[in-house]
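Here the structure is laid out as structure tokens; the discussion comes afterwards.
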Amino acid sequence: MGITGASGIIYGVRLAEILYNMSLLEAIIYTRSAERVAKEEMDRTLDDMLRIGDVKVYREDEIDAPYASSSRIPYGGMVIAPCSMRTLAAIANGLPDNLVTRAALSTLRLRRQLVLVIRETPLGIAELRNMLLAAENGAVILPASPGFYHKPKTIDDMVSFVVGKVLDVLGIEHNLYHRWRS
């Protein structure tokens, strides 16, 4: 999974913890911008938050890491949470300029699941076009938009809803939120 410099670092950290507890997390790649946002939003370093068992953690500039090659892309795919608009644009336009975007483009090249958890508002025409292009290239665009029908009481409840939606896309069973009942 990737974590980039958009607001909402908590989504990536929570998803990493959950995937690790399900034995489904192979590695985490993060950007320099994600480090800055984590410090600002959570008053902790991303390195501290990503010390999860024996999971390999890579920085965006580690181009010699295994995930720089499509031969090392996990069968289950990749999630980028949160996904910055810069990362979205690079993926949408096929620009493998760091380890996150190289791994994402390799994931799409192999027709594996790529989920981009975007967290930006409002959205301009450029961002909407990049989302459409990324979706046409095979990515799933999953806005970090919590629902309220499950009556969240805490920020944790709202984060769990979005992370649960990511797991839904990946076909992973969970009980992070109560599903809609009519």
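The values are calculated or read from the model by the stated rules, or taken from the named source; none is laboratory data. Please read all numbers here as calculations on a predicted model, not as lab measurements. Cβ placement follows ideal geometry from the backbone for every residue including glycine, while neighbour counts extend to all protein chains displayed. Heads up: the accessible areas ignore ligands, DNA and RNA and are worked out on the full protein's heavy atoms, side chains in. Shrake-Rupley method; radii C 1.70, N 1.55, O 1.52, S 1.80 Å.
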Quick one: with all protein chains in place, what share of the accessible area of the chain is carbon or sulfur, to the nearest percent (1.4 Å probe)? 50 percent
Placing unit charges on C-beta atoms (Lys and Arg positive, Asp and Glu negative, everything else neutral), compute the dipole magnitude of the chain about its Cα centre in debye, rounded to 20. 480 debye
Could you please state, rounded to a whole Å, how far the C-alpha centre of the stretch 105-123 is from the C-alpha centre of the stretch 23-43? 17 Å
Helix-only CD estimate at 222 nm, as mean residue ellipticity for the chain, using -39500 (n - 2.57) per DSSP H run (n ≥ 4): -12500 deg cm²/dmol
Under a 1.4 Å probe, what is the accessible area of the chain per residue, stated in Å²? 53 Å²
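By accessible area of protein heavy atoms, probe 1.4 Å, what ranking do Glu60, Glu127, Glu120 get, highest first? Before the final figure, lay out the partial values.
Details: Glu60 25, Glu127 55, Glu120 80 Å².
Ranked from most to least accessible, the order is Glu120, Glu127, Glu60.
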For Lys56, list the aspartates and glutamates whose Cα falls under 18 Å from its own Cα; do not include residues on the same chain fewer than 8 positions away. Glu17, Glu26, Glu35, Asp47, Asp48, Asp64
Computed Kirkwood radius, in angstrom, where 1/r is averaged over Cα pairs of the chain: 16.3 Å
What's the local net charge at Gly5, with K and R +1, D and E -1, over the other residues with C-beta under 12 Å away? 0
Which lysines have a Cα lying under 22 Å from the Cα of Lys165, excluding residues fewer than 8 positions away in the same chain? Lys151, Lys153
